[in-house]
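> Sharing a structure, written as structure tokens. Questions coming.
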Amino acid sequence: MGRDAHRWSTFHGERTLVVAARTVTSTVRVLETLPPLLRGDSRVTVVFAYDPTSAFNAGVLDLLHAAGCRVMPWEQLGHTAPDLILSASENIDVPDGDCPVLVLPHGVGFQKFVPDSRSSADRLSGVVPDALLESGRAWLAVSHPAQEEQLLATHPKAAGRTLVVGDPCFDELVGSRPRRKGYREALGVAEHQRLVMVSSTWGPTSLLGSRPTLLPRLLSQLPYDDYRVGAIIHPNVWSAHGAWQIHTLQAAALDAGLLLMPAIHAWRPALVAADVLIGDHGSVTLYGAAAGTPLLLAAFGGDAVPGTAVHDMAAVAPRLDARGDLLQQVEDVVRQHTPQRYRAVAEQAFAEPGHALARLRTALYRLLRLPEPSSPPPSPLVLPVPDPPASPVTSWEVTTGVTGDSEAPTVTVRRFPAAVSACDAARPDSPACFTHLACVDDERDHRLTESASVLVQRHPASTSVGALRWIEETLAQLPGSLLAASAVREGCCLVGLRDGRIVEAAATGPAMDPGLPAAVVYACLRAGHPLNDTRVTLRIGDTRDEDVVLRLRPALPTG
């Protein structure tokens with residue numbers, strides 16, 4: 001970008017586009033949107049200028065460098081002569097000049113009041129300073145004509161400075177629905193499980209700001225084998241507080257298997273994969289509802305702007321009672337949801353569905369004063385498959401209910417991560433219902449391991465001899481446990497009891513977590529049912545039944 005840069009350049013572009021990068025949220029939006037607009041066009045040289053003045057600037061440089069962007073200091077922008085400045089942050093201080101400034105939205109419209117960094121007052125999110133509007137340089141891309149009307153009512157100087165292009169992010173979400181199964185598999189969500197995603201914007205009125213314990217409480221009430229729980233947290237939270245703080249505050253939820261989505265990119269396929277969305281007044285909640293996902297509102301702040309699409313969403317969305325039965329509310333919202341519930345909301349928020357990238361490319365080249373490329377207009381790309389963001393659960397509070405006669409009993413098993421057991425009321429035993437603690441052999445909290453009634457080897461043993469050896473050693477090391485279980489690669493599960501008996505548990509269907517047949521043996525033992533030549537119906541939550549045949553094997557070898 002220096003005066004003699006042409007002497008060192010390989011690509012001699014006809015126009016220079018400068019991307020103003022100020023926050024992680026706004027920078028991500030440009031990085032996701034710009035490549036298909038300029039694909040294969042060497043006429044446009046792109047340089048990124050980093051503006052460090054935002055309270056949410058942490059992570060921007062790392063993001064740009066990871067993407068391979070060439071970055072110049074913000075101060076250098078005033079000594080260059082770009083043909084267009086592009087940003088998804090409205091709060092940039094653009095140096096004097098005459099080049100146009102195109103501002104993309106980094107959410108859905110102007111739906112939130114936020115603190116003004118230039119004063120102690122609040123302002124409407126998404127609107128550039130009046131001085132930039134008065135200069136005639138600013139152009140605001142909006143996703144719907146209703147946003148134009150809202151903007152003109154509050155900022156008359158924006159008259160004639162808006163471009164209705166639709167929303168490329170929403171187009172990607174809708175266009176990626178056919179890949180939903182692949183996203184769920186990548187996230188470790190089984191076909192029979194429901195994925196509950198929790199979305200929080202930033203600030204004190206957000207879901208996490210007002211209900212910081214909701215995630216562990218959800219995990220404590222939704223049975224582990226029937227549900228997965230994930231979280232999408234606004235990048236401003238990551239930027240302002242840091243990953244360390246978030247991980248520390250949500251440590252119990254993470255230990256309980258929370259799918260904590262990374263701050264950028266991965267939230268979109270996770271949203272497509274969701275069966276239920278629990279959210280607030282942030283854009284992600286609106287995206288999910290408009291795309292047809294059943295929604296429960298857990299928070300809705302006074303900083304949401306009346307008359308916007310997000311307010312219309314709130315008018316028809318059921319509210320979550322955070323103190324009530326969370327499992328029942330999730331099941332109810334799935335049962336009562338209809339695909340048409342948020343259609344009017346989507347129609348008010350997103351114009352020209354499926355054509356946002358094409359319309360945006362036309363606007364971009366018009367501002368660059370270049371003919372649009374002869375290649376076909378860009379269309380929404382299918383979202384990439386995310387990396388699994390969860391750690392394995394290592395301990396469970398297991399409830400087992402035993403019904404039927406002793407010759408063919410039914411054992412219902414519900415598992416809840418032990419890391420969040422303190423968030424819910426205790427589950428007392430009864431003559432037909434038993435609760436125990438089960439730990440995997442890689443549990444790091446020795447207090448849990450020493451208190452566990454059931455110990456499980458996470459990875460299958462290569463042979464029965466290896467499984468029996470592990471069982472013997474484990475029961476010897478942990479005298480407080482009642483039984484130890486190990487799967488064998490041949491397909492069965494061996495369960496060793498404290499009294500020396502060995503039960504072979506052979507299950508029908510696909511290979512399962514050995515903790516489940518171990519729970520069957522524990523329940524039958526507590527109920528006084530025979531453990532030899534017994535066929536048990538294993539009911540895993542309310543979703544599926546499997547047959548488990550129990551057979552006694554010779555006692556553990558001695559010596």
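The values are calculated or read from the model by the stated rules, or taken from the named source; none is laboratory data. This one's a predicted model, so the numbers in the text were calculated from it and none came from an experiment. Glycine also receives a Cβ, built like all others from the backbone with ideal geometry; neighbour counts cover every protein chain displayed. Remember, those area values only see protein heavy atoms, side chains included, never the ligands or the DNA or RNA. Shrake-Rupley method; radii C 1.70, N 1.55, O 1.52, S 1.80 Å.
> Normalise the Cα radius of gyration of segment 323-373 by 2.2 N^0.38 Å (N = residues in it) and let me know the number.
With N residues counted in segment 323-373, Rg over 2.2 N^0.38 Å equals 2.08.
> What's the whole-number percent of alpha carbon pairs in segment 31-185 lying beyond 23 angstrom?
In whole percent, the long-distance tail amounts to 46.
> Run the numbers on segment 147-253 and let me know its relative contact order in percent, using alpha-carbon pairs under 8 Å that are six or more apart. Write down the numbers at each step before the final one.
Values: 69 pairs, mean separation 25.5, N = 107.
Relative contact order, segment 147-253: 24 percent.
> Helix check for the chain. Which DSSP H runs span at least 24 Å along their own axis by Cα, with a mean Kyte-Doolittle hydropathy no less than -1.0? Numbers along the way, then the final one.
On the way: long enough: none.
Span-like helices in the chain: none at all.
> Given the C-alpha centroids of segment 371-446 and segment 178-245, what is the distance between them in whole angstrom?
13
> Here's a follow-up. Could you tally the net charge around Thr537, taking each other residue with its Cβ under 10 Å from the Cβ of Thr537, Lys/Arg +1 and Asp/Glu -1?
Details: positive: Arg535, Arg539; negative: Asp545, Glu546, Asp547.
Overall, the nearby charge balance is -1.
> To check you understand DSSP bridge types, tell me what percent of the beta bridges within the chain (both residues inside) are antiparallel, rounded to 5.
On the way: 42 of 92 bridges.
Here the share of antiparallel DSSP bridges comes out near 45 percent.
> Rounded if a/c is under 1.5, else prolate if a/b is larger than b/c, else oblate: which is segment 285-413, with a ≥ b ≥ c the root eigenvalues of its Cα gyration tensor? Provide the component values of the computation, followed by the final result.
Working: a/c = 3.06, a/b = 1.97, b/c = 1.56.
Cα axes put segment 285-413 in the prolate bin.
> Could you work out, for segment 479-534, what percent of all Cα-Cα pairs fall into each 10 Å distance bin, beginning at 0 Å and stopping at the bin that holds the largest distance?
For segment 479-534, the pair-distance distribution reads 24, 58, 17, 0.
> When Lys and Arg each count +1 and Asp and Glu each count -1, what net charge do the other residues less than 10 Å away from Pro373, Cβ to Cβ, add up to?
Values: positive: Arg39, Arg43, Arg361; negative: Asp41, Glu372.
Overall, the nearby charge balance is +1.
> If packing is taken as the average count of other Cβ atoms within 10 Å, what order do 247-259, 46-58 fall into, highest mean first? List each step's numbers first, then the result.
Details: 247-259: 20.7, 46-58: 18.2.
With the highest mean Cβ count within 10 Å placed first, the list reads 247-259, 46-58.
> Please state, to two decimals, what the Cα-based radius of gyration of segment 77-139 comes to when divided by 2.2 N^0.38 Å (N = residues).
Values: Rg = 12.3 Å, N = 63, 2.2 N^0.38 = 10.6 Å.
Compactness ratio reported: 1.16.
> On to the next question. Expressed as a whole percentage, what fraction of the accessible surface of the chain belongs to carbon and sulfur atoms when a 1.4 Å probe is rolled over the protein heavy atoms? Before the final figure, lay out the partial values.
Values: 12820 of 24310 Å².
Looking at the chain in its full context, I get 53 percent from C and S.
> How much mean residue ellipticity at 222 nm does the chain get from its helices, if each DSSP H run of length 4 or more adds -39500 (n - 2.57) and you divide by all residues, to the nearest 500 deg cm²/dmol? List each step's numbers first, then the result.
Values: 20 runs with 175 residues, N = 559.
Mean residue ellipticity, 222 nm, calculated: -8500 deg cm²/dmol.
> Percent of alpha carbon pairs in segment 400-559 separated by more than 21 Å? Mind dumping the intermediate values first?
Values: 5335 of 12720 pairs.
Here the long-distance tail beyond 21 Å is 42 percent of all Cα pairs in segment 400-559.
> Determine the per residue accessible area of the chain with all protein chains present and a 1.4 angstrom probe, expressed in square angstrom.
Details: 24310 Å² over 559 residues.
About 43 Å² of surface per residue is accessible.
> Here is a follow-up. Determine the distance separating the Cα centre of segment 505-540 from the Cα centre of segment 265-310; give it in Å without decimals.
41
> How high is the relative contact order of the chain, in percent, with contacts defined as C-alpha pairs under 8 Å that are six or more residues apart?
On the way: 1132 pairs, mean separation 65.6, N = 559.
Computed over the chain, the figure is 12 percent.
> Continuing with the same structure: What number comes out for the charge environment of Pro223, summing +1 per Lys or Arg and -1 per Asp or Glu over other residues with Cβ under 9 Å away? Kindly include the intermediate steps, with their values, before the conclusion.
Working: positive: Arg414, Arg415; negative: Asp225, Asp226, Asp542.
With Lys, Arg at +1 and Asp, Glu at -1, the net is -1.
> Next up: I need to check one value: relative contact order of segment 5-115, counting alpha carbon pairs closer than 8 Å and at least 6 residues apart, in percent.
Values: 166 pairs, mean separation 34.9, N = 111.
Relative contact order here is 31 percent.
> Across bins of 20 angstrom width beginning at 0, how are the C-alpha pair distances of the chain distributed, in whole percent?
In order of increasing distance, the bins hold 20, 44, 25, 11, 1 percent.
> Same structure, new question: To check my understanding: the extent here is largest minus smallest coordinate of the Cα atoms along each principal axis. What are those three numbers for segment 280-355, in Å, largest first?
41, 28, 17
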